[in-house]
1. With respect to the numbered conditions (1) modelled with pLDDT under 95; (2) loosely packed, with under 14 Cβ neighbours inside 10 Å; (3) polar (S, T, N, Q), which one is the sole condition not fulfilled by Thr92?
2. Restricted to segment 33-53, and to residues that are touching a strand residue (DSSP E or B) at 6+ places or on another chain (Cβ under 8 Å) and modelled with pLDDT of 80 or more, which residue is nearest to Glu141 (Cα to Cα)?
3. Filter segment 113-153 for residues that are among the hydroxyl-bearing types (Ser, Thr, Tyr) and either buried (at least 17 other Cβ atoms within 10 Å of the Cβ) or touching a residue at least 60 places away in the same chain (Cβ under 8 Å) (or both) and give the result.
4. Only residues that are out of contact with any Gly (no Cβ under 7 Å at 6 or more places or on another chain) and crowded, with 16+ Cβ neighbours inside 10 Å: list them for segment 95-106, please.
5. So how many residues does segment 60-98 have that are touching a residue at least 40 places away in the same chain (Cβ under 8 Å) and in a loop (DSSP other than H, G, I, E, B)?
6. Does Leu11 satisfy the criteria of being of a type in the set (A, V, I, L, M), part of a strand (DSSP E or B), modelled with pLDDT of 95 or more and surrounded by 12 or more Cβ atoms within 10 Å (Cβ to Cβ)?
Amino acid sequence: MTALGAIHWKLCAFDALSLQELYDLLQLRTEVFVVEQQCVFQDMDGTDAQALHLLGVQDTRLVAYARCFSAGVKFAEASIGRVITCQRLRGTGLGHVLIDKAIESVNAQWGPQAIRIGAQARLKRFYSGHGFVDLGLPYLEDGIDHLEMLWQA
């Protein structure tokens, strides 16, 4: 287990991302969702420009990432998606910090409100530990079992 050192957090709109930040986040998303999970899918889904991007950087390297959306973009409620931690820092608690920061970011940006996510079913326990409740609406996305889960403010 690698020690969890200082992480610098940044929340910004799509057009405020530097070219390097955009490259880094697309590279991390591809590393995890396409290569590691062996899932061929269209990651660039046309909604990045509508998202706020939460980046966790350690020593100039992107190690954590999530997209935050206002209500009405992905779901009727605000939402969080593309939640990722780099493989080398899994098991350090970084994922827990990331989801807490994402919830905090949604509430700071758009006010306290419900947040709906489309979570990979295997991560139900992780998200439940952060107050998300399974809505009993399972679905298959890109060959991976998912659940709709809701967090109440």
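The values are calculated or read from the model by the stated rules, or taken from the named source; none is laboratory data. Please read all numbers here as calculations on a predicted model, not as lab measurements. We place every Cβ from the backbone using ideal geometry, glycine too, and count neighbours over all the protein chains shown.
1. (2) is the only condition that Thr92 fails.
2. So the residue we want is Thr47.
3. Listed by number, the list holds a single entry, Tyr127.
4. Hits for segment 95-106 are Gly95, Val97, Ile99, Lys101, Ala102, Ile103, Ser105, Val106.
5. 10
6. It is true that Leu11 is of a type in the set (A, V, I, L, M), part of a strand (DSSP E or B), modelled with pLDDT of 95 or more and surrounded by 12 or more Cβ atoms within 10 Å (Cβ to Cβ).
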